[in-house]
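Asks: This is the structure I want to talk about, given as structure tokens.
Each reported figure results from applying straightforward, stated rules to the coordinates on display, with no laboratory input. Remember, it's a predicted structure, so these values are computed and weren't measured experimentally. Cβ coordinates were reconstructed from backbone atoms using ideal geometry, including for glycine residues, and neighbour counts include every protein chain displayed.
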Amino acid sequence: MPLRRTGTALALALLLAGGFPAVAAAENTVAFTLRDARITESSGLARDVAGGFYWTVNDSGSAGVVFGVQPDGSVRGTLNYRAAPQDVEAVAVHENRLYVADIGDNGGSRAMVTVYYFMNPRASGLTVTYNAIDFRYPDGPHDAETLLVDGTGRLFLVTKGLQGGGIYAAPTNPSRTVTNVLSRVADAPALVTDGAFLPDGRIALLTYASVEVLDGTSYAKVADGAIPLQRQAESLTVSLAGDSLLVGSEGRASKVYAVPVPGAPAPAPTPTAEPSATSSAATDDGGEVDADVPAATAGGRGTLLAVGLAAVVAVVAGVVVALVRKPG
């Protein structure tokens, strides 16, 4: 992913594109931190319920390596494959298959893109055999960072654009011997960087400022929610427990945040003990409030957002040009 901008600049780009949601910043609850030095540009995150961990990949320029990440953020191991991907952007898991999507196309020049898949994946450090499926768009090349797999195992690619993208469905039984033609089935929000089908069949799509939830059949937007301020939000998956979403960013030692599923029923309140006279900041990444980005009241978050946007109005033209023209 070529953009190297602050969260405020990216939020401004979304505002100009008409894609910024009318919601306040989310609480900063850290699920874990990706501290392994090999993970420098985490792009894409997928839960492996059977294995009890998550998969992630590095962004463009990475070799054929997928990282298995424990719930505490440490690396369990890797899955290696002898391919030369051009721009890996997403991962997904369905039943006993791990998908790795080589679908990035910053220059809009690829005649086809490739999705690799692995049967019964293991984070064992071994080099394994891969299968590859090639796709092309019916309306010319597109940049994409999102791979979705529905409950039946059907693949979808979501393209990325400043003014919005599209959702493209793969054939129900794609061929491994010819290039498969995708079908555009719906429009997508602006600047989608990852996504996942939710357990209830809805679709969650990540942008730089929010999670947009679509109906899984009509693709109509049904809910949205803000995400914590991050360097560059690039990954989203459902938590292993299925009760929240995990949202991650590029960069070394990047934090992965747990956020509520937009539109989901609020949990029933539970009795709590009387609060103590003092409170302390988080001391680890085990689901505590992030001390690096203090949580604020709804009014305070709204003020912060307004001030941040006002501060960059003077450089808006440069930000937009950089977003459009920055090479991969």
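Asks: Once you list every other residue whose beta carbon is under 11 Å from the beta carbon of residue 240, what net charge do they have if Lys and Arg are +1 and Asp and Glu are -1?
Replies: Summing Lys/Arg as +1 and Asp/Glu as -1 gives -1.
Asks: If we count every other residue with Cβ under 11 angstrom of residue 128's Cβ, Lys/Arg +1 and Asp/Glu -1, where does the sum land?
Replies: Within the 11 Å Cβ shell, the charges total +2.
Asks: Now for a separate question. Are there trypsin sites (Lys or Arg not before Pro) in the stretch 135-210 that DSSP puts in a loop and that have at most 14 other Cβ atoms within 10 Å, and which ones?
Replies: Of the trypsin sites (Lys or Arg not before Pro), the ones in loops of the stretch 135-210 whose Cβ has at most 14 other Cβ atoms within 10 Å are 176.
Asks: Each label point is 7 Å from the Cα along the Cα-to-Cβ direction; what then is the distance between the points at residue 183 and residue 70, in nm?
Replies: So the two model labels end up 4.5 nm from each other.
Asks: Dipole of the stretch 178-266 (Lys/Arg Cβ +1, Asp/Glu Cβ -1, origin at the Cα centre): which of 198, 256, 211 lies farthest to the positive side?
Replies: With unit charges placed on the Cβ atoms, the residue in question is 256.
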